[in-house]
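Accompanying notes for the structure given below.
Please treat every number below as a calculation from the coordinates, not as lab data. Keep in mind it's a predicted model, so treat the numbers as computed, not measured. Note: ideal-geometry Cβ built from the backbone for every residue, glycine included; neighbour counts use all protein chains shown.
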Amino acid sequence: MLTVEYTDTFDSPAAAVFTLLTDLEARSTWIAGILEVRVTPAGPARLGTSYFEAGKFSGYKSEKTMIVTEFEQDRLLTLTTEASVRNSFRESFRIEPLSKGACRVHFTVEVGGAPKVAEFFMQQAMKKEQPQQAARLKSILVSRTQEAS
């Protein structure tokens, strides 16, 4: 199992960050490579929400369906593929409030079933992509804050 972790501090309230993370249809705005998304039921993620994603990542086509398996309002969102899937995937976002206007987000991605030779390249790509994703999230949060004021 390949595990990649990244932690970053956001100058936004935990609730605002969580709202963006649970807007699964908006993931393509901060995760490069997503070409198609389907969320069932529509609306913000909640426990049991089904999320289909198709895209191209590090040059490889990918399609996966994940289910929201962990959900704690403003604190934790975890999406996981079904246990029967050959190439398992688990994404977790744990939010730690630091103050009224700031929080720390712990990003964890776990991939199972990938060929050992591919794991090294996947790990390098994910380590590069996670800070970029966090930067895009921050940018979206700033623009939403400016629109609201």
Among Lys100/Lys128; Lys64/Lys100; Lys56/Lys116; Lys116/Lys138, the pairs whose Cα-Cα distance exceeds 28 Å are Lys100/Lys128; Lys64/Lys100; Lys116/Lys138
Taking every other residue with Cβ under 12 Å from the Cβ of Cys103 and scoring Lys and Arg +1, Asp and Glu -1, one gets +1
Between [x] 104; [y] 125; [z] 243, the structure-derived volume of the Cα convex hull per residue in Å³ is [x]
Per-residue ellipticity at 222 nm attributable to helices in the chain (runs of n ≥ 4 DSSP H, -39500 (n - 2.57) apiece, nearest 500 deg cm²/dmol) works out to -9500 deg cm²/dmol
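Excluding Met1 itself, calculate the net charge of residues whose Cβ lies under 12 Å from the Cβ of Met1, where each Lys or Arg counts +1 and each Asp or Glu counts -1. List each step's numbers first, then the result.
On the way: positive: Arg90, Lys116; negative: Glu110, Glu119.
Charge balance in the 12 Å sphere: 0.
When Lys and Arg each count +1 and Asp and Glu each count -1, what net charge do the other residues less than 10 Å away from Ser62, Cβ to Cβ, add up to? Could you put the intermediate results ahead of the total?
Working: positive: Lys56, Lys61, Lys64; negative: Glu53, Glu63.
Cβ neighbours under 10 Å give a net charge of +1.
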For the range 12-99 the GluC sites (Glu not before Pro) that pass both the DSSP coil test and the at-most-14 other-Cβ-within-10 Å test are Glu82
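Which of the trypsin sites (Lys or Arg not before Pro) found in the range 87-149 are loop residues per DSSP with 10 or fewer other Cβ atoms within 10 Å of their Cβ?
Details: sites: Arg90, Arg94, Lys100, Arg104, Lys116, Lys127, Lys128, Arg136, Lys138, Arg144; in loops: Lys100.
In loop regions of the range 87-149 (DSSP not H, G, I, E or B), the sparsely surrounded trypsin sites (Lys or Arg not before Pro) are Lys100.
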